[in-house]
1. Multiplying the sequence separation of Leu552 and Ser253 by 0.36 nm and subtracting their Cα-Cα distance, what value in nm do you get?
2. Thinking of region 450-524 as a set of Cα atoms, what percent of all their pairs are more than 20 Å apart?
3. What order, most packed first, do the peptides 253-266, 462-475 have when packing is the mean number of other Cβ atoms within 10 Å of each residue?
4. What FRET efficiency, computed as 1/(1 + (r/R0)^6) with R0 = 51 Å and r the Cβ-Cβ distance, is obtained for Trp83 and Val287, rounded to the nearest 0.05?
5. Using modelled amide H (1.01 Å from N, peptide plane; none on Pro or chain starts), what sits under 5 Å from the amide H of Phe298, excluding residues fewer than 5 places away?
6. If you average the sequence gap of Cα pairs under 8 Å that are 6 or more apart and divide by the length of region 450-524, what percent do you get for the contact order?
7. Enumerate the calculated ³J(HN,Hα) couplings along region 110-117 in order (Karplus 6.51 cos²θ - 1.76 cosθ + 1.60, θ = phi - 60°), each rounded to whole Hz, writing x wherever the residue is Gly or Pro.
8. Give me the mean projected area, in nm² to one decimal, of the convex hull enclosing the Cα positions of region 374-455.
Amino acid sequence: MPRPQRSLEPNRYKFKESFVSLKYVPRFFREIKKVNPGLFYINVLCRLINAILPVLMLWVGKLIIDEVVLQIAADVKDLDRLWTLVASEFALAVLSDLLSRGISLSDALLGDQYSIDTSVKIIRKTSEVNLDELEDSEFYDKLERARQQTTGRVGLMSNVLTQAEDIIVIVSLLAGVVAFEPWLIILLVVSIIPTMINEVKFSGTSYSLARSWTQERRELDYLRYAGASDVTAKEVKLFGLSDYLAYRFKGLSDQYYHQSKKLAKQRAGWGSFFNVIGTSAYYGAYVLVIFRTVLGAFTLGDLTFLSGSFNRLRQKLQGFFTRFTMITETALYLQDYFEFLDLSYHAPESEGAKPLPKEIKAGFEFRNVGFKYPKSDKWVVRNINFKLRAGEKLAFVGENGAGKTTLIKLLLQFYEPTEGEILLDGVPIKQYNRTAYQKYFGVIFQDFVKFELTLRENIAMGEITGIADQDRIEGAAQKSLADQVVKDLPFGYDQQLGKRFKQGKDLSGGQWQKIAIARAYMKDAEVLILDEPTSALDARAETEAFDRFIKLTEGKTAVIISHRFSTVRIADRIMVLKDGAVLEIGTHEELMQNNKLYSELFNLQAAGYK
């Protein structure tokens, strides 16, 4: 069955829409200044000084030529003034070079610092987003656009400052030209109008193409990963997927290439046409200046100054309008970045939130809880009613898709219930500060993250503030049996894990799970949640891990999800879920007497071991 296709033609952004995006530039510069105020002001000062040098150098050049002509005609040569002028021009040239280098250096340093700052803000903003929003493809499109053009934002800073610098240069050169020959301004305007038309015509085209391809670029990134990753390598080799993935990647990439080539050819063609018109106007002005010089209205120095000034003016004005288009187009990416930062999510409230109980007394209660994903009509769970008592070990069991992990995510406030409510000691959990509430829990999910960092960091992820507490890390490892893994590693707790980096060592699934369980012990939380935490362990290791867990969490509240009934039977109570609803709940003995789903699944699994 062919994949659904959508139109990949870019929606052309009009110049007016691009122009509106400039409202974000002042905020952009406030952020840059905040990153490094001293360096920012040094950059601005260097640009201000550098802006007046072009007209000074042209004027000194004019005086040198006039002085040379004067000395040629003089009977007695006096070269003192000439050498003074040459030395002055040399000094100005050296100063211009030093200032340009200073500007480039400060641009690069400010750009690097701002790039770091924006990446940090994107990471922190993403942490505010609810899990259901993170799982939305539209959110990922917004995130991708916010990440885009990080280096482009650095270029935007340089372009805007250069634009301000060039305004000073243009004004000073215009003053010089007008003083000699006002009529040249008309020809100057004629020479730059074609450039203006070309830039307005193609304003926003690159951004339009990039925006319309946000989803496809994410797909291309995934295809690169799937085709060239150690994680996917076994399946790619075993099933011979390399050619298929390469074909998919090339097909999508070629579509983007053809769209980009089409726009590039149009822009280059019209640019060449308009440039011929502009160049003709420039040489018309040049002919006028030469003609006036021959008639004696101008000196050779004036000719040099006017031709140089006019040429500089034309270049600066063309650059000004070209750069202005680049700024408006890059500002569209800036708009995406700030709009992402300004997105309003259900962030934890600190003011007015009720204080969490220092000790859980009654426990948790689900009252008529139901949940379905946004834009979906299908209920994942519904009419859920049960209590998790303080100090109780409650196990969730059920077939895949029954809603076990969804209930955990609702309990953790990763999701908000679509209907009903969840209470802690009689208070709806949404009335507590979410960040403080989530610190109550130590959780290990089945799909826990294998951080390719050191073993010490992997354990400390459970409570990162304790990363320097060696006794605490070793204690957590001992509780989870991860200390057995440490013994086999050459660098112990400082061993780099994973194969991505030098001297990294990969672990078996069971070893990774022991380290992940250590994170839960590292936190020493009020409530522990284990979602299939031992699926990669053998039966003996799993039994030992759960026996230790029960002993080590005595008096603590815990939720356990496991497919192995030999382990969940040690829980105080077991809740059986089917099709997003609670089918039965009770002790192992009570459920075995019910002769419903639990006893059926238990007996089926037990028979498999005979």
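1. Values: separation 299, 0.36 × 299 = 107.64 nm, distance 5.46 nm.
Residue separation times 0.36 nm, minus the Cα-Cα distance, leaves 102.2 nm.
2. Values: 473 of 2775 pairs.
The calculated P(r) of region 450-524 puts 17 percent of pairs beyond 20 Å.
3. Values: 253-266: 13.0, 462-475: 15.4.
Answer by packing, highest mean first, reads 462-475, 253-266.
4. Values: r = 34 Å, r/R0 = 0.67.
The calculated FRET efficiency here is 0.90.
5. Here Thr293 satisfy the definition.
6. Values: 104 pairs, mean separation 33.8, N = 75.
Worked out over region 450-524, it gives 45 percent.
7. So the J values, rounded to whole Hz, are 5, x, 4, 5, 5, 4, 5, 4.
8. Working: hull surface 31.7 nm².
Taking the Cα atoms of region 374-455, their convex hull projects to 7.9 nm² on average.
All of the numbers you see were taken from the coordinates with simple rules; none came from a lab. Just so you know, these numbers come straight off a predicted model, no measurement behind them. Here Cβ is always computed from backbone atoms with ideal geometry, including for glycine, and neighbour counts include all displayed protein chains.
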